[in-house]
Structures are given as C-alpha cells and as structure tokens.
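These notes concern the structure reproduced below.
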Amino acid sequence: MFGGEECATGSISQRDSADLAIGYAYSPTGSVCISFVYPRAVKSVHSDRLRVLHVLAPSREGGLERVVTMLSTMQAEAGVHVAAVIDPGSERDHPFIAGLEARGVPVSRVVVGGRSYLEEYRALRDLIARIKPDVVHTHGYRSDVIGGAAARRAKIAMVSTVHGFTGGGIRNRINEVIQRFALRRSAGVIAVAAPIVDRLVSAGVPRSRISCIPNGFTREIQLERSAARERLGIADGKLVAGWVGRLSHEKGADVMLRALSETDDNWILSIIGDGPDLDSLRRLAVQLGVVDRITWHGPVSGAASLFSAFDAFVLSSRTEGTPIVLFEAMDASVPIVATTVGGVPDVLTDADALLVGPDDPSAIANALGEIQQNRAAARERSFHARGRLISAFSDAAWADAVNAVYKTAAHRAAQR
C-alpha cells in the first residue's frame, strides 16, 4: 500500500471489488489517501472511461508534464485530448507536445501571451464546445482558474490535480490564493499527497470533493550506464551525483550545491534542468568553490532514460507533491538521497533510500558519504526501491482511481 505516516494516522478500511482492491487511509483531517493493490480480476474497465480534456500550461520538461503524458496515453482509447497553453514562438518545437503527438495523443495548441487571459478563456471555451468532453481535467494554477471557468460555462465537470504548492514570492502566493478559490468550485480535486489535502481543506475546498491519489508510474526503457554517461558527457571512473528538476527555490538546488561543497572531492554533480535560479546558482557554485565539479546540462530530452549514469540521485526539495523524478530514479535502481517533504515519505521508506530533513546540506553530504563507503547497502536499498515501484505504484490502478473521480465529478456536475 501507499501511505506514509500522515496518510495512515487514522483508521484504514478495505473495499474489494470485482476489478480492483483499493485501500483507504484517512489523514488527521479525514481526507482520504488511496492506495492501490493490483487488479483482482482480469476484467478491464477501460471501456467505461470518460472522454477527457486535459488543460495545462506546460513547461518544456517536468513532473507535471510527465503525469499528463502518462495519463493521457492511458486514456487515448476513450478519446482523450490535451490543450497546451503555450507562449508565442514555442508552437513547433515544444518537447511536451512532440512527445504527446509521438504517442498518438491529439493536442491543441493555445498560443497566447503571458497575460492574455481573456483570449485564453475564449480559446478554451471554443475547444470545449468543439470536442465535447465529459470531463475537463486541469493542472496548475492558471489552468485551474481559466480552464475551470471555461468548463463551468459549458456545464462540464471540472477535475483538478493539485501537484503541489511552490510558495516563494508574493506573486506566486497571490496566484495560489486565486487558485484555491477556483478549486472550491471544482467538481473534484485530486491531491497527490496528504499534506496537500490538509492545505486544501484549510483553504475552504470541500473535503467531500478531495481525493488523495499519489501519482502512478509508467516505466521507461533505461539506457545502459555507459551509453547514458556518454550522452551526458560524463567520463568513466567519476563518482556522480545526479540532480534533476526545475531550478527554482522550492526544489532546493542551492542546498545540493552546499552539500557538494561538504563532500569528498571524488564526487561531481550533474544537474539536468533549467529555471529562474540558474544564474544565482552559478554564482553560488563559484562562491562555494565547486564550480569545477558541476556540469550544467540544461533541459535534456528523455532525461528519464539517463538515471543509470548516476552513482546517486539527490532530491533536495523544500516542498513536493509526489515527485515523478523519484519514480524515475527508483526505476533505474539508483541509490537515492531524498528530503522528507510532501509525499516523499509515502513513496520511499528507510529501506529504499537515505532520507534526510529539508534545508540540511550536511545531512545530504553525509548520506553521499555513506553511499560511497557502503556500496553493498546502497545497492540493496536501490533494488528494494525498484521492487517497491513495481509492486506499489501500478499505472493501471492509478488510472482506475482517477477515472473513479471523473465519474463522481460528472455525476455531481449533472445534478447542478
């Protein structure tokens, strides 16, 4: 079962159906975290799926984009469609859109400027009228607000997945306040971790409309270690810590740089990703004297296949939902160091990874030292983590749980 300490605090009940065994664990607020067991019978429920329009403003690479790609691929048989709200100039070479189209998922590009909210609303309203979805599934604060308004005007059920709250500057905080207000009017809200459920409830989102469903995972083909290192330009014999994510405050790349400065000089760092903090992080690397031990790869297409290049993967986030990047590291059997934030404790246990508190560079450095000194124990944890990924994070069960939210939301919307 899924279920870290926050999800499993209350009572646990079990419901067995002909298709799926689903466990429910209640958080202290009474919110439900769903944990999956593999289907009990061969019978498929795919024929009962609803037609879904996903709406998001995608970055070029990221966990949210991976979630939408996995879900929409599994929903293709039912007639899924994706609306990608993108800036002018990125229509043709956006990797998220290209990846969906390569999988046969239809995508509509909504090309608008950063503050063209009315234009975006009209485009989404017209798209909804044209494709007539049963459910509009939004991802991210902008889509929750604008896509949600278009769905409500069309009297279509809106479901939102809340992947996490980034906090940060005043603008982000204002956006999150507006987002939470919009979520109060959703027919269904999916939170990917128990702490998010509690924040939503405290913000006034009706508890009865919230389902806590940690992300599932569709496994990727991993490159051989030598091929992955060659693609990243990493020389043989180097001891490499990998860091993958958006270079922004909540992801804690600065914590990783400080940790690197406290490690054995044999460790070098590969950073895959881009973001607003890149320049300040480069300056910090100079100040810490580790600039020669870091390779900044930038955004890398197909990064999920490259984790085999690393001797350790570090997630140094200050806040998280259910990080897809952890699943990718587990899939590659890479030793993991991760902060115990958000849904991370629901994904990993001490048997799977070295878990540390947030904002603690010394703890990360010590964990990397432990991996270096005790390779056998590190391998054992990584193999255990891969087994946990395979057994506990079924993509089919995840899709079934999401579809159950769609059905309830569509019924709720029909009664309005």
Query raised in the report: So how many residues does the range 188-239 have that are in a loop (DSSP other than H, G, I, E, B) and farther than 26 Å from Ala332 by Cα?
Result: 4
Query - Residue identified as farther than 24 Å from Phe327 by Cα, at pLDDT below 95 and open to solvent by 20 Å² or more (accessible area, probe 1.4 Å) among Asp126, Asp134, Asp93 - result: Asp93
Query raised in the report: What do you reckon, is Phe313 assigned to a helix (DSSP H, G or I), of a type in the set (Phe, Trp, Tyr) and touching a helix residue (DSSP H, G or I) at 6+ places or on another chain (Cβ under 8 Å)?
Result: no
**Report entry** Verdict on Leu257 being surrounded by fewer than 22 Cβ atoms within 10 Å (Cβ to Cβ) and either part of a helix (DSSP H, G or I) or among the charged types (D, E, K, R) (or both)
**Finding:** no
Report task. Would you mind finding the one in Tyr117, Tyr121 that is among the aromatic types (Phe, Trp, Tyr) and at pLDDT below 95? Result -> Tyr117
**Report entry** Output for the range 281-312, where each listed residue is farther than 14 Å from Gly233 by Cα, open to solvent by 50 Å² or more (accessible area, probe 1.4 Å) and among the hydroxyl-bearing types (Ser, Thr, Tyr)
**Finding:** Ser301
Query raised in the report: Of all residues in the range 95-127, which are of a type in the set (Lys, Arg) and out of contact with any Ser or Thr (no Cβ under 6 Å at 6 or more places or on another chain)?
Result: Arg109, Arg115, Arg122, Arg125
Report summary line: In the range 254-279, residues that are under 23 Å from Ser59 (Cβ atoms), touching a residue at least 12 places away in the same chain (Cβ under 8 Å) and more than 17 Å from the chain's Cα centre (by Cα) total 10
Query - Residue in the range 56-84 that is most open to solvent (accessible area, probe 1.4 Å), counting only those that are of a type outside the set (Gly, Ala, Ser) and in contact with a Pro (Cβ under 8 Å, 6 or more places away or on another chain) - result: Arg60
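The values are calculated or read from the model by the stated rules, or taken from the named source; none is laboratory data. All values reported here derive from a predicted model rather than from experimental measurement. As a convention, Cβ positions derive from the backbone with ideal geometry for all residues, glycine included, and neighbour counts pool all protein chains shown. Surface accessibility is based on the protein's heavy atoms, side chains included, excluding ligands, DNA and RNA. Shrake-Rupley method; radii C 1.70, N 1.55, O 1.52, S 1.80 Å.
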